[in-house]
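Asks: If you scroll down you'll find the structure; I have some questions about it.
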Amino acid sequence: MTTNFLLVGAGLSSAVIGRHLAEAGHKVTIFEGRDHIGGNCHTERDAETGVMVHIYGPHIFHTDDEEVWNYVNSFETFLPYKNRVKTTSQGAVYSLPINLHTINQFYGKTMRPDEARAFIEQQADTSIENPQTFEEQALRFVGPDLYEAFFKGYTMKQWGCHPSELPASILKRLPVRFNYDDNYFFHKFQGMPENGYTAMIEKILDHTNIEVRLSTMFDSATTEGYDHVFYSGPLDGYFGYKLGRLGYRTLDFEKFTDTGDYQGTAVMNYGDVDVPFTRITEHKHFSPWEEHEGTVCYREFSREAQPEDTPYYPIRMMDEKTLLADYVRLANETPNVTFVGRLGTYRYLDMDVTIREALDTARQFSDCLTNGAAMPAFVKSPL
């Protein structure tokens, strides 16, 4: 039986779900409000320099999920790439995440791993037994000096509030290493698509049963005539924000070009609170197999998202979680719609997790179709 599906948004979630459904013989229509596919992963060549630019900020692919790794490589060749982040703090440059080199350089010492581990434990505030906030987590595990230098200012700029107002879980994602490993991620598979993410998503969407309509806005009245909707836009936006708006952080980019090598690395963070931007990214370093005379850089500024802004990071503070629960109830009462992706589920998702959930969603829908069961509003609960 051929079924007609409407997918909202032409990013990773819709591309993966749409491809799965199309290959099963169903008709897929994708509405995309922007004039390009790829969502916030969109890449394109800079006209002036030829550099492949991550238009909405850098996206680095890293995963331990072998099926997801094989999936993306079936559409685009991923070349080796290790994310090595530097930070400028208090007048010096250090490696992130905090590792043995960072610790020795910061304290002017030559400690071995076991010595550094004991030294950092001495710096830590061991009176904090059960850290609840970002600040408590940092003070408990690295102490005040490293917290002030590497976490406090950057976090205040990134999230627009004091680290004492943020949950400890945010910092738990950031490791401290007692060796000289400066690879930011620890996943088995890491790389960058040779021709950019947009080229990969174009190939995923290249199927006779998929129609993509760019510059096409969605409203719930357009769902008529479709058997099921997969919605990757903002969860609150589906309901016209009638209960209020969920909070997001957004990014402003100040693009500039130069010749040669501007900063010698792809990502340079700025940890001092008096520097208004969070980092500078130099995009040609994200494609180290290419050579370009010119270079393209972005200064990144983080702020609270306004209604007209592109949402990036869900805030998920207590007020948002209360409102989120109300929207989840509405979604669960809405038939024939499944909410997917970072915006649709109001969760911070890396690209590999987005693809994994999209694959799982598509497979679950196929099972529901076979068994005559109703598809839930969420395959992964936002709560």
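Nothing in this text is a laboratory measurement; each read-out follows from the coordinates by a stated rule. The shown structure was predicted, so the numbers you read here are calculated from the model rather than taken from an experiment. Cβ sites come from the backbone with ideal geometry, for glycine too, and all protein chains shown count toward neighbours.
Asks: Give Lys152/Lys188; Lys157/Lys380; Lys242/Lys321; Lys27/Lys321; Lys27/Lys242 a once-over and call out the pairs whose C-alpha atoms are over 25 Å from each other.
Replies: Violating the 25 Å Cα-Cα cut-off are Lys152/Lys188; Lys157/Lys380; Lys27/Lys321; Lys27/Lys242.
Asks: With unit charges on the beta carbon (Lys/Arg positive, Asp/Glu negative), name the residue among Thr126, Asn40, Gln90 whose Cα is farthest towards the positive pole of the charge dipole of the chain.
Replies: Ranked along the dipole, the leading option is Thr126.
Asks: Using θ = phi - 60° and the Karplus curve 6.51 cos²θ - 1.76 cosθ + 1.60, what whole-Hz ³J(HN,Hα) does each residue of segment 246-259 get, with Gly and Pro shown as x?
Replies: Those phi angles translate into 6, x, 9, 9, 10, 10, 10, 10, 9, 7, 8, 10, 7, 10 Hz.
Asks: So, one more: Quick one: of the DSSP bridges fully inside the chain, what percent are antiparallel, nearest 5?
Replies: For the chain, the DSSP antiparallel bridge percentage is about 65.
Asks: Fewest Cβ neighbours within 10 Å first, please rank Thr278, Thr126 accordingly.
Replies: The order, fewest Cβ neighbours first, is Thr126, Thr278.
Asks: Going by Cα centres, segment 321-383 and segment 6-68 are how many Å apart?
Replies: 18 Å
Asks: Could you tally the net charge around Glu148, taking each other residue with its Cβ under 15 Å from the Cβ of Glu148, Lys/Arg +1 and Asp/Glu -1?
Replies: -3
Asks: Another question, then. Per residue of segment 235-240, in order, report the coupling 6.51 cos²θ - 1.76 cosθ + 1.60 (Karplus, θ = phi - 60°) as ³J(HN,Hα) in whole Hz, putting x for Gly and Pro.
Replies: Here the 3J(HN,Hα) series is 3, 5, x, 4, 9, x Hz.
Asks: Something else now. Nearest 500 deg cm²/dmol is fine: what mean residue ellipticity at 222 nm does the chain get from its DSSP H runs of n ≥ 4 alone, each adding -39,500 (n - 2.57), divided by its residue count?
Replies: -8500 deg cm²/dmol
Asks: Once you place label points 7 Å from the Cα toward the Cβ at Gln90 and Glu66, how far apart are they in nm?
Replies: 4.5 nm
Asks: Something else about it: Going by how many other Cβ atoms sit within 10 Å of their own, how do Arg347, Arg303, Arg19 line up, fewest first? Mind showing how you got there, number by number?
Replies: Values: Arg347 19, Arg303 13, Arg19 24.
Arranged by neighbour count, lowest to highest, Arg347, Arg303, Arg19 become Arg303, Arg347, Arg19.
Asks: Label segment 85-172 by shape, choosing from rounded, prolate and oblate, from the square roots a ≥ b ≥ c of the eigenvalues of the Cα gyration tensor; if a/c is under 1.5 it is rounded, and otherwise prolate applies when a/b is larger than b/c, oblate when it is not. Each step should come with its number before you reach the end.
Replies: Numbers: a/c = 2.37, a/b = 1.25, b/c = 1.90.
Here segment 85-172 falls in the oblate category.
Asks: Counting other C-beta atoms within 10 Å, which of Arg213, Arg342, Arg249 has the fewest, and how do the rest follow? The partial results should precede the final answer.
Replies: Details: Arg213 13, Arg342 25, Arg249 17.
Least to most surrounded, the residues fall as Arg213, Arg249, Arg342.
Asks: Dipole magnitude of the chain about its Cα centre, charges +1 at Lys/Arg Cβ and -1 at Asp/Glu Cβ only, in debye to the nearest 20?
Replies: Its charge dipole is roughly 540 debye.
Asks: Around Phe230, which amide H atoms from residues at least 5 apart in sequence, or from another chain, sit under 5 Å from its own amide H, with H modelled in the peptide plane?
Replies: Under 5 Å from the amide H of Phe230: Leu6, Leu7, Val8, Thr338.
Asks: Could I ask something else about it? Once you order the gyration tensor axes a ≥ b ≥ c over the Cα atoms, which shape class does the chain get: rounded for a/c under 1.5, otherwise prolate or oblate by comparing a/b with b/c?
Replies: Since a/c reaches 1.5 and a/b is larger than b/c, the shape of the chain is classed as prolate.
Asks: Which order do the peptides 353-364, 55-66 come out in when sorted by mean C-beta neighbours inside 10 angstrom, highest first?
Replies: 353-364, 55-66
Asks: Then there is this: Given Phe277, Tyr348, Ile17, which one lies farthest toward the positive end of the charge dipole of the chain, if we put +1 on the Cβ of every Lys and Arg and -1 on the Cβ of every Asp and Glu?
Replies: Tyr348
Asks: Calculate the dipole size of segment 85-172 relative to its Cα centre from +1 charges on Lys and Arg beta carbons and -1 charges on Asp and Glu beta carbons; express the result in debye to the nearest 20.
Replies: 380 debye
Asks: How would segment 196-340 be classified by its alpha-carbon gyration tensor: rounded, prolate or oblate, with rounded meaning a/c under 1.5 and the a/b versus b/c comparison settling the rest?
Replies: Taking the square roots of the gyration eigenvalues as a ≥ b ≥ c, segment 196-340 is oblate.
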